Each structure stands twice: as structure tokens, then as C-alpha cells.
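Participant: Got a structure for you, written out below as C-alpha cells; questions coming shortly.
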Amino acid sequence: MYIKPIPRNLLIHTATLKHKLAGDAWGEGAENEQVLNYVRMEPKKTLEYSKENQTLNLNSLLFIDAVNSTQPVEISVDDVIEWGGEIFTIKSIDKQYALDGTTLHHYEIGLI
């Protein structure tokens, strides 16, 4: 069954993803920056648990649509999102699929 993408008029934000590249012997690593257009940032005050059973107090949720948003080249936990003059750290990445279970619908990214 087909599920419509998140409408572009709801994806009103632009954010910058900063993905850390592998560091050198001194622990210095470069950052790869990518601008993510047509995303949605929502405040969210929840308590979640990571795979390591650590408590995460998320304060924002970033939605990246699979059709209408700029797709991240690479995204992982502990990458940084810059939005609205603030810096957030990615603590969870949830891929939400359409009802067929194979088509990616959107990402829900938990930030602190």
C-alpha cells in the first residue's frame, strides 16, 4: 500500500548535518557538512532508552522525508545537527517504513 510522503509545506526547516570523519593519530578528525533542506524540527520532551540501556532525555525530533527532503549522504549516532543557532547531538535514528515494510517513508532522529 502506498503512503503519501510528508507534504513539503510541513517541511519548513533547513538544518546542517555535521558528520565526523575518522580521526588521525592525535584524535583530530575532519567534519563533512551537508545542508538538509525541507526537514521538520519538533520539540520533544521524552525519556528513552538506548540499545545499551542508557537513559536518553531527548529534547527535539528531526523528521527527514524520503521523498521531499534532502537525503543525508551518511548519518550516524553522535553526529551533530545545527539548526536555529543551536547545536544538537544525534542520539537515535529510527527509520520508518511504509506498510509494505520495504519502502523507507521517513527518518525520525532523536536529538539532545
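The values are calculated or read from the model by the stated rules, or taken from the named source; none is laboratory data. Remember, it's a predicted structure, so these values are computed and weren't measured experimentally. Every residue, glycine among them, receives a Cβ derived from its backbone with ideal geometry; neighbour counts consider all protein chains shown.
Participant: Which ones in region 75-96 are surrounded by fewer than 16 Cβ atoms within 10 Å (Cβ to Cβ) and under 24 Å from Lys4 (Cα atoms)? Before the answer, list the steps.
Facilitator: Step one: of region 75-96, the residues surrounded by fewer than 16 Cβ atoms within 10 Å (Cβ to Cβ) are 76-78, 82, 84-87, 89, 94-96.
Passing the criteria: Asp94, Lys95, Gln96.
Participant: So if I check each of Ile109, Ile93, which one is touching a residue at least 24 places away in the same chain (Cβ under 8 Å) and of a type outside the set (S, T, N, Q)?
Facilitator: On the way: Ile93 fails: touching a residue at least 24 places away in the same chain (Cβ under 8 Å).
Testing whether each residue is touching a residue at least 24 places away in the same chain (Cβ under 8 Å) and of a type outside the set (S, T, N, Q) leaves just Ile109.
Participant: Then there's this: Just checking, how many residues over region 4-28 are within 22 Å of Ile75 (Cα to Cα), at pLDDT 75 or above and part of a loop (DSSP other than H, G, I, E, B)?
Facilitator: So the count comes out to 4.
Participant: So, in region 60-90, exactly how many residues are touching a residue at least 40 places away in the same chain (Cβ under 8 Å) and either over 14 Å from the mean Cα position of the chain (by Cα) or not in a strand (DSSP E or B) (or both)? Lay out the reasoning, then the answer.
Facilitator: As a first pass, look at region 60-90 and keep what is touching a residue at least 40 places away in the same chain (Cβ under 8 Å): 60-69, 72-76, 78-84.
Then drop every residue that is not either over 14 Å from the mean Cα position of the chain (by Cα) or not in a strand (DSSP E or B) (or both), which leaves 66-69, 72-76, 78-79, 84.
So the count comes out to 12.
Participant: Determine whether region 64-77 contains at least one residue that is closer than 15 Å to Leu111 by Cα, touching a Pro at 6+ places or on another chain (Cβ under 9 Å) and modelled with pLDDT of 85 or more. Walk me through how you get there before you give the answer.
Facilitator: Here is the first cut: in region 64-77, the residues closer than 15 Å to Leu111 by Cα are 64, 75-77.
Applying the additional criterion that residues be touching a Pro at 6+ places or on another chain (Cβ under 9 Å) yields 64.
From what's left, modelled with pLDDT of 85 or more: 64.
The answer is yes, given that some residue of region 64-77 is closer than 15 Å to Leu111 by Cα, touching a Pro at 6+ places or on another chain (Cβ under 9 Å) and modelled with pLDDT of 85 or more.
Participant: Sticking with this structure for a sec: List pairs: first residue in region 1-24 and closer than 27 Å to Thr89 by Cβ and of a type outside the set (Val, Ile, Thr), second residue exposed (fewer than 13 other Cβ atoms within 10 Å of the Cβ) and modelled with pLDDT of 95 or more anywhere in the structure, Cβ distance under 8 angstrom, at least six positions apart or on different chains.
Facilitator: If the second residue must be exposed (fewer than 13 other Cβ atoms within 10 Å of the Cβ) and modelled with pLDDT of 95 or more, the pairs left are Ala15/Val35; Leu17/Val35.
Participant: I need the full set of residues from region 42-58 which are assigned to a strand (DSSP E or B), at pLDDT 65 or above and within 19 Å of Ser76 (Cβ to Cβ), in order please.
Facilitator: Of everything in region 42-58, just one residue is assigned to a strand (DSSP E or B), at pLDDT 65 or above and within 19 Å of Ser76 (Cβ to Cβ), namely Leu58.
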